Structures are given as structure tokens and as C-alpha cells.
Amino acid sequence: MFDSLTHLQLQQYWWFIMSVVASTLVFLLFVQGGQTLIGTLGKTDDERTMVINSIGRKWEFTFTTLVVFAAGMFASFPLFYATTFGGAYYAWKIFLICFVLQAISFEFRRKQGNLLGQKTYEGFLYVNGFLGVFLLGAAVATFFTGSEFYRSEYNLSYWQTSLHGLEILFNPQNLALGLALLFLARTLGALYILNNVNSEVIQARARRQVGLNAIVFLVFFLYFVIRVLLMEGYAYDPATKEVFLEPYKYLHNYLEMPVALILFLAGVVLVLYGIGITWFKESRKGIWFTGPGTFLTVLSLFFVLGYNNTCFYPSSFDLQSSLTIENASSSRYTLTAMTYISLFVPVVATYIFFTWRAIDRNKIDDQDMKGGEHHIY
């Protein structure tokens with residue numbers, strides 16, 4: 001069935017799949033955002049436990065999506081995987097340690113006789129929530145700003161700085177997206193907890209955090225987006241594959257791909273609407289608008305990164321070493337085989353939908369904390 005597709009069509013299809021997974025991951029970062037609000041929303045031990053159990057029910061969704069994204073990129077675009085993990089390994093190691101700490105914390109925080117105590121594991125959740133999300137945003141920003149690596153004729157990559165990924169912290173644009181993602185995650189976390197916890201005290205605190213974090217998020221997000229639209233982008237000639245810098249490349253991509261532009265505008269409107277009804281109308285349903293809005297906005301950003309003859313992982317050291325969906329992908333045979341497997345994606349999505357609905361059927365309240373047997377975090 002898929003044998004008739006060209007290699008380029010398969011590459012475009014798999015970039016679309018990876019874009020969907022990445023957009024889902026960013027939405028699910030509300031778990032990390034909620035972790036950074038544990039002490040802000042919960043002033044007593046019971047309140048903190050309610051907050052942690054609210055987001056703790058979903059932490060495995062985020063973790064699994066992250067693993068799926070990494071595995072998918074490894075299988076579909078292995079040269080990207082080899083280049084970034086082989087070069088920027090300090091940044092990625094710190095990032096992965098943050099997520100290991102999260103898994104340990106949710107599993108052991110309430111375990112009888114744990115040696116480190118509840119406070120230590122809550123501290124680990126803060127580390128994951130703040131540092132993990134910030135590093136992820138800063139790393140993704142390099143998809144626009146570029147990284148310093150050289151790729152040989154045998155596709156061996158050589159990182160050109162001794163900082164091995166930590167140099168992303170010295171670029172204002174990278175920092176802006178890192179901070180934007182962090183405060184977006186905090187906004188989503190507050191919106192989710194507001195919807196999921198039946199406690200007027202926690203709801204009032206969450207509503208206040210939605211407004212405060214949304215303002216900071218918008219400042220950094222607007223700075224990043226404006227810079228992206230006005231900057232030179234990394235383009236390549238589809239015939240010769242030569243990479244060159246094109247003024248306003250990402251703005252051109254939005255104008256030349258109306259679908260991406262519509263997704264971006266619809267996403268931004270939904271994000272703002274969800275925040276607005278939460279802040280001005282005291283609604284508890286903002287997450288169901290801001291969440292999908294986040295998904296659409298990120299999806300559009302990945303479209304302008306990978307399509308329309310654009311380098312999705314550019315090299316600022318050597319333009320011709322930049323990675324595109326054409327030169328970084330697996331073979332046609334591998335992508336064809338993977339495409340057959342991808343037919344099961346709707347089945348997995350349906351399973352996730354029903355699992356999510358079952359978990360959220362009962363909201364968390366203070367009576368649940370007294371029972372204890374259903375809440376283990």
C-alpha cells in the first residue's frame with residue numbers, strides 16, 4: 001500500500017508524525033508546570049498531596065510521550081539523533097537526569113520508610129519542573145538558531161565547542177524559548193489543577209497563577225516569535241541540496257504554507273481564550289482551550305521548521321552540514337516498514353483517550369486524602 005510513495009513523501013509523512021508527538025509532549029508538560037506550583041498552591045501537607053496526586057495521575061503520559069518522541073526520531077531521522085546526542089551531550093544528560101528524578105519522586109515520595117523523606121522528593125519534582133522544561137525549550141530553540149557542528153562526507157558529526165550543548169545558554173533567543181516554555185507549562189499546570197481539584201482554596205490560588213504566569217509567558221513567547229519571523233533562516237535548494245541563508249525564511253514559510261499559518265493563528269487564539277475565560281469569567285474549563293491551542297501552535301512551528309526546503313537542525317559552524325528531512329532520514333525501506341506500523345497510532349490514541357477519561361472521572365478533593373488507598377503519590 002505504501003510502496004508507491006516516494007522517499008520524499010515518506011520523509012514528509014514522518015516529519016508530520018514527529019511534529020504531532022512533539023506538540024502532544026509540549027501540552028503534557030502541564031505535569032512539570034504543576035510540579036513547580038506544589039508549594040504555591042498547597043500550603044498544608046494535605047493540600048500539597050492533593051496537588052501532587054492531581055498531576056501525578058498523568059506523569060506517565062508525559063514520560064511515555066517523551067520516550068516515543070526520542071525513539072521515533074532515532075528510527076526516522078537517525079542522523080539528527082546521532083548528531084545532537086553525540087555532540088550536545090552535557091545538555092541532554094542533565095535533561096535526562098531531571099526526568100529520572102521525576103520518575104523516582106512520584107514512585108517513592110509516599111513509600112513507607114523511604115530514607116530521603118517527602119521533602120527531598122518534592123525538591124526533585126521542582127528540579128524536573130523548572131530545569132527539565134527550561135532545557136527542553138532552549139534545546140528546541142537551536143532548531144532555529146543553529147548549533148556548532150561539522151558533518152563529514154561519511155555522515156560523522158563533530159561538535160565544535162568544548163561546552164557540548166551548554167553553549168545554548170549563551171544565546172538570548174534560546175533562553176527566551178526556554179523561559180517561554182517554562183511559564184507556559186506553569187500556566188497549563190495551574191489550569192489543569194484548577195479543573196481537576198475540588199478545593200476552593202487551591203482553585204483560587206491556581207486562578208491567580210494562571211494570570212501571573214501567562215503574562216510572563218507571553219512576553220518571552222512574543223520576543224521569540226518576532227525574532228524568528230525577522231531572522232535569516234536556513235534554507236536549501238531542492239535540486240542541488242545546497243544550504244544557504246534566506247532573509248525572513250520562517251515568515252516566508254508561514255506565507256507559503258497557509259495551513260501552518262492557520263494552525264498558528266488558531267492555536268494562539270485558543271491559548272488566549274482559555275486564559276481569558278479563566279481569569280475574567282472564573283471558568284474552570286480553560287485547560288480544554290489552552291491545551292489544544294498549545295498543540296496547534298507547536299505543530300505549526302514544527303511545520304515551518306521541517307517543510308518548504310528548510311533545515312530543521314542547522315549548523316551555524318558549517319552551513320552545508322545542516323540537517324534536513326531529506327539528508328537525515330532513514331532509508332526508503334525503513335520508512336516504508338515504519339509507516340505500516342504507524343497504522344496502529346489511532347488505536348493507541350483511542351486507548352489513551354479512554355484511559356485519560358477513566359482517570360479523570362472523579363475529581364480530587366480533601367476526602368480522598370483521608371482515604372488514601374486510591375492515591376499513592
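The values are calculated or read from the model by the stated rules, or taken from the named source; none is laboratory data. All figures in this text were calculated on a predicted structure; none of them were measured in a lab. Cβ sites come from the backbone with ideal geometry, for glycine too, and all protein chains shown count toward neighbours. With ligands, DNA and RNA removed, areas are computed over all heavy atoms of the protein, side chains included. Shrake-Rupley method; radii C 1.70, N 1.55, O 1.52, S 1.80 Å.
The residues of the range 152-168 that are buried (at least 18 other Cβ atoms within 10 Å of the Cβ) and either under 19 Å from L96 (Cβ atoms) or at pLDDT 95 or above (or both), listed by number, are W159, G165, E167, I168.
Of all the criteria given as (1) of a type in the set (G, A, S); (2) touching a Phe, Trp or Tyr at 6+ places or on another chain (Cβ under 9 Å); (3) within 21 Å of E47 (Cα to Cα), the one not satisfied by S199 is (2). Could you go through the range 170-179 and let me know if any residue there is open to solvent by 30 Å² or more (accessible area, probe 1.4 Å), within 21 Å of the chain's Cα centre (by Cα) and closer than 30 Å to N53 by Cβ. Within the range 170-179, one or more residues are open to solvent by 30 Å² or more (accessible area, probe 1.4 Å), within 21 Å of the chain's Cα centre (by Cα) and closer than 30 Å to N53 by Cβ. Exactly one residue out of L229, L265 is open to solvent by less than 60 Å² (accessible area, probe 1.4 Å) and modelled with pLDDT of 95 or more: that is L229. Scanning the range 339-372 for residues that are among the polar types (S, T, N, Q) and at pLDDT 85 or above, we see that the one that is nearest to E200 (Cα to Cα) is T355. Apart from one condition, A266 fits all of (1) small (G, A, S); (2) without any contact (Cβ under 8 Å) to a residue 12 or more places away in the chain; (3) over 24 Å from L125 (Cβ atoms); the exception is (2).
Considering (1) touching an Asp or Glu at 6+ places or on another chain (Cβ under 9 Å); (2) part of a helix (DSSP H, G or I); (3) open to solvent by less than 70 Å² (accessible area, probe 1.4 Å), the lone condition that Q320 does not fulfil carries the number (3). Just one of the numbered conditions (1) in contact (Cβ under 8 Å) with a residue 40 or more places away in the chain; (2) surrounded by fewer than 21 Cβ atoms within 10 Å (Cβ to Cβ); (3) of a type in the set (F, W, Y); (4) farther than 24 Å from V269 by Cβ is not true of Y236: (2). Of the helices (runs of 4 or more DSSP H) contained entirely in the range 4-73, those carrying at least 3 residues that are open to solvent by less than 10 Å² (accessible area, probe 1.4 Å) fall at 7-28, 30-35, 45-56. Evaluate the range 145-163: report whether one residue or more is farther than 28 Å from M338 by Cα and assigned to a helix (DSSP H, G or I). Yes - at least one qualifying residue is present in the range 145-163.
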